[in-house]
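First up is the structure itself, then whatever we jot down about it.
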There are 2 protein chains.
Amino acid sequence: MRKLYVIGIGAGDPDQVTVQAIKAMNKVGVFFVIGKGAEKQELVDVRTGILDEHMDRPYRIVEVQDPPRDRAPENYGAVVDDWHDRRADLLAARFAELGDEDAAILVWGDPALYDSTLRIVERVRGRLDFDYEVIPGITAPQALAARHRIVLNRIGEPIHITTGRRLAEETVTNTVVMLDGECSFTKVEGDVDIWWGAYLGMPDEELIAGKLRDVEGHIQQRRAELRERKGWIMDTYLLRR
Amino acid sequence: MRKLYVIGIGAGDPDQVTVQAIKAMNKVGVFFVIGKGAEKQELVDVRTGILDEHMDRPYRIVEVQDPPRDRAPENYGAVVDDWHDRRADLLAARFAELGDEDAAILVWGDPALYDSTLRIVERVRGRLDFDYEVIPGITAPQALAARHRIVLNRIGEPIHITTGRRLAEETVTNTVVMLDGECSFTKVEGDVDIWWGAYLGMPDEELIAGKLRDVEGHIQQRRAELRERKGWIMDTYLLRR
């Protein structure tokens with residue numbers, strides 16, 4: 001049966017790709033890129049760099065354009081659900097066109113963490129007959145911890161991973177925050193430490209750590225400058241009370 | 001300044017080592033193994049296999065014997081603290097004996113997740129002058145998610161990572177449990193799904209998934225059989241309500 005590989009490629013450092021990911025990449029000659037139109041050229045370049053460094057055979061990129069999406073819907077769940085359905089239609093059509101060729105989808109970080117590729121692939125399986133395999137990758141929180149040389153938990157403590165959207169209502173013993181475009185850490189009260197990182201593993205990597213109250217203004221300002229200068233930002237942080 | 005590398009080597013599959021980890025391994029000729037005396041031969045063999053597959057130069061293993069430890073202390077925090085201090089003394093002594101040679105410590109999974117190596121290394125820095133670098137690795141929860149082909153969170157939901165010891169008192173929207181020798185999932189009530197995995201990425205890998213109430217007995221029994229047969233077990237699981 002033909003096969004689709006969903007491959008985590010890490011947070012951006014080409015060296016943070018696993019041997020398993022490199023082997024899976026070299027089993028295929030076609031990579032689907034979902035929603036490339038909306039992607040920043042610099043991220044496209046980082047991914048191309050990862051492929052060029054690790055591929056031993058010729059390959060081609062097949063773009064799967066994203067359908068339009070309501071970015072501030074009233075019913076978030078239903079809108080995302082419908083959007084995934086339409087993405088699945090488009091991916092199924094492109095995959096069918098390949099005949100019996102195997103293919104792969106590269107995912108930033110790990111497909112298991114805040115990524116919708118596996119949900120879309122499961123829907124494509126309702127439309128086409130194929131098998132698929134998942135390859136884990138290093139996530140941004142792991143790159144963050146490594147660069148700050150910290151353990152995400154203190155001894156025996158739990159770790160909570162959440163989004164900026166939900167941060168205000170959740171505890172922060174050890175909280176890793178992803179997908180926060182609003183600097184939600186400024187709304188967290190009390191005696192809290194923060195370890196923040198942007199463009200982790202890439203040449204422009206930036207790290208800031210300290211007491212939240214001492215560094216929050218600095219992070220906000222630096223984040224705004226970087227986003228302005230580069231046109232995009234990828235960042236994550238750990239909060240610890 | 002001489003350097004110590006703390007390298008995450010993944011959950012057991014030699015292919016789940018990153019290029020960054022392989023490059024760091026090949027910068028040194030000495031690997032410290034902390035507490036090898038207590039380790040199962042099979043795990044020693046897996047690690048030796050990883051080194052043999054990826055090392056391009058001769059190397060040697062230097063064992064750092066573990067000091068004795070009270071396994072069921074009344075004051076858990078203080079006992080662990082003292083134990084880490086004594087481990088740091090032993091590691092500092094071995095590292096000092098190497099003169100100005102660089103070295104590395106290999107850590108299962110990722111040094112950022114439920115591992116005390118970085119805490120010990122920080123203490124060694126109070127006794128010896130050196131720099132250190134941390135290399136992230138694929139964790140058991142990531143290997144678990146990849147093998148079950150699941151995303152750890154549903155759309156927008158948080159993920160909680162905790163230990164068996166604390167599971168009873170914590171919520172289970174999406175809860176990843178590590179370090180559970182007691183099958184604590186049997187104490188979780190209500191309509192919950194479980195994805196369980198043991199020896200992830202190794203030849204003996206076992207996976208079970210389903211409604212918790214339907215499969216909990218099967219997991220308990222299989223876990224006991226495997227631990228009996230092999231003499232040790234490494235497992236982790238995701239609970240979702």
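A few notes on this one:
- Tally, over the stretch A:110-128, of residues that are out of contact with any helix residue (DSSP H, G or I) (no Cβ under 6 Å at 6 or more places or on another chain) and buried (at least 18 other Cβ atoms within 10 Å of the Cβ): 6
- The residue list A:104, A:96, A:88 contains one member that is open to solvent by less than 10 Å² (accessible area, probe 1.4 Å), touching a Leu at 6+ places or on another chain (Cβ under 8 Å), assigned by TED's automatic domain parsing to the domain that holds residue A:14 and not aromatic (Phe, Trp, Tyr), which is A:104.
- Residues (within 11 Å of residue A:223 (Cβ to Cβ) and aromatic (Phe, Trp, Tyr)) located in the stretch A:185-198: A:185, A:196
- Filtered by the rule that a residue be more than 14 Å from residue A:237 (Cα to Cα) and more than 7 Å from chain B (Cβ to nearest Cβ), the stretch A:133-152 gives A:133, A:137.
- In the stretch A:7-33, residue farthest from residue B:139 (Cα to Cα) [restricted to those that are part of a strand (DSSP E or B) and in contact with an Asp or Glu (Cβ under 7 Å, 6 or more places away or on another chain)]: A:30
- Among the residues of the stretch B:58-74, the ones that are open to solvent by 90 Å² or more (accessible area, probe 1.4 Å) and not acidic (Asp, Glu) come to 5 in all.
- Residue A:229 vs. criteria open to solvent by 40 Å² or more (accessible area, probe 1.4 Å), modelled with pLDDT of 85 or more and over 29 Å from residue B:115 (Cα atoms): yes
- Selection over the stretch B:185-199 of residues that are open to solvent by 10 Å² or more (accessible area, probe 1.4 Å) and in contact with a helix residue (DSSP H, G or I) (Cβ under 6 Å, 6 or more places away or on another chain) gives a count of 2.
- Residue in the stretch B:94-120 that is farthest from the other protein chains (Cβ to nearest Cβ), counting only those that are of a type in the set (Gly, Ala, Ser) and within 23 Å of residue B:50 (Cα to Cα): B:103
- All positions within the stretch B:200-225 that are open to solvent by 10 Å² or more (accessible area, probe 1.4 Å) and farther than 30 Å from residue B:50 by Cβ: B:210, B:211, B:213, B:214, B:215, B:216, B:217, B:218, B:220, B:221
- Among the residues of the stretch A:153-169, those that are open to solvent by less than 20 Å² (accessible area, probe 1.4 Å), within 7 Å of chain B (Cβ to nearest Cβ) and more than 12 Å from residue B:162 (Cβ to Cβ) comprise A:162, A:163.
- Residue check for residue B:180: farther than 23 Å from residue A:134 by Cβ, within 13 Å of the chain's Cα centre (by Cα) and either part of a strand (DSSP E or B) or more than 8 Å from chain A (Cβ to nearest Cβ) (or both): yes
- Any chance residue A:153 is out of contact with any helix residue (DSSP H, G or I) (no Cβ under 7 Å at 6 or more places or on another chain), in the same structural domain as residue A:204 (by TED's automatic domain parsing) and modelled with pLDDT under 90: yes
The values are calculated or read from the model by the stated rules, or taken from the named source; none is laboratory data. These figures come from a predicted structure and were not determined experimentally. With ideal geometry, Cβ positions are generated from the backbone for all residues, glycine too; neighbour counts draw on all protein chains shown. Calculation scope for accessible area: heavy atoms of the full protein, side chains included, ligands and nucleic acids excluded. Shrake-Rupley method; radii C 1.70, N 1.55, O 1.52, S 1.80 Å.
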